[in-house]
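The values are calculated or read from the model by the stated rules, or taken from the named source; none is laboratory data. Please read all numbers here as calculations on a predicted model, not as lab measurements. Please note: Cβ atoms are built from the backbone with ideal geometry, for glycine as well, and neighbour counts cover all protein chains shown.
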Amino acid sequence: MKVYHVSPRRLALAPAIFGSCVAMLLVVGWLSGDGAALAGAAIGAAYLIALGAGTTALVWYSRLVVTEWGVEVRHAGWSARSEWENLRALDLTPGHEGLLLWEPLRRRGPWGLRAGAFMPGWFLPRQSPIVDAGHWIPLEPFAWWWYHGDLQQQLLEHAPWLPGPWLPWLRE
């Protein structure tokens, strides 16, 4: 079993955003010279720290699990899995990487994966109906491991029939 967390860049994004907002809030409160403004900035900073820690924990919890029987995506509130034989194709469109399935995912959890549940632009227009039908495993959050880790080799080992430009040079 191999577990892939989201990319290190994506994992560092939430602390960087919330940390810079906290720093900016505290500097503005301090520069105001007013004790009440500084106290308000400190309360706002505490709220942002808690929000940032929670967001970071949710992002860290997301993972792609590759096992002998198949692949599973786990997020807070839902998970979805598929056997290797169910994998149909690989889409390596930058920023929208994913696996196309023959049969719908087996989902657990109240939310599941739905294209409309994410920000506009998260999925390509051609991917949204596939995602809603349950025939898509998103690899984009874990794509860093595709380009800088051994995720390519794991998929080649378990699903060598997947079409893609990555196959010829990996087999040599």
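Per-structure values
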read-out: Number of the condition not met by His96 [criteria: (1) under 22 Å from Gln153 (Cα atoms); (2) at pLDDT 80 or above; (3) crowded, with 16+ Cβ neighbours inside 10 Å]; value: (2)
read-out: Any chance Gly77 is farther than 18 Å from Gln152 by Cα, out of contact with any strand residue (DSSP E or B) (no Cβ under 6 Å at 6 or more places or on another chain) and assigned by TED's automatic domain parsing to the domain that holds Glu140; value: yes
read-out: Top-ranked residue in segment 29-42 [being of a type in the set (A, V, I, L, M, F, W, C) and surrounded by fewer than 12 Cβ atoms within 10 Å (Cβ to Cβ); ranked as farthest from the chain's Cα centre (by Cα)]; value: Ala36
read-out: Check on Ile17, farther than 21 Å from Trp144 by Cβ, surrounded by 13 or more Cβ atoms within 10 Å (Cβ to Cβ) and in contact (Cβ under 8 Å) with a residue 12 or more places away in the chain; value: no
read-out: Meets criteria (more than 18 Å from Ile130 (Cβ to Cβ), loosely packed, with under 15 Cβ neighbours inside 10 Å and under 17 Å from the mean Cα position of the chain (by Cα)) for Leu58; value: yes
read-out: Filtered residues of segment 1-22 (kept if closer than 30 Å to Ala42 by Cβ and either among the hydrophobic types (A, V, I, L, M, F, W, C) or not in a helix (DSSP H, G or I) (or both)); value: Leu11, Ala12, Leu13, Ala14, Ala16, Ile17, Phe18, Cys21, Val22
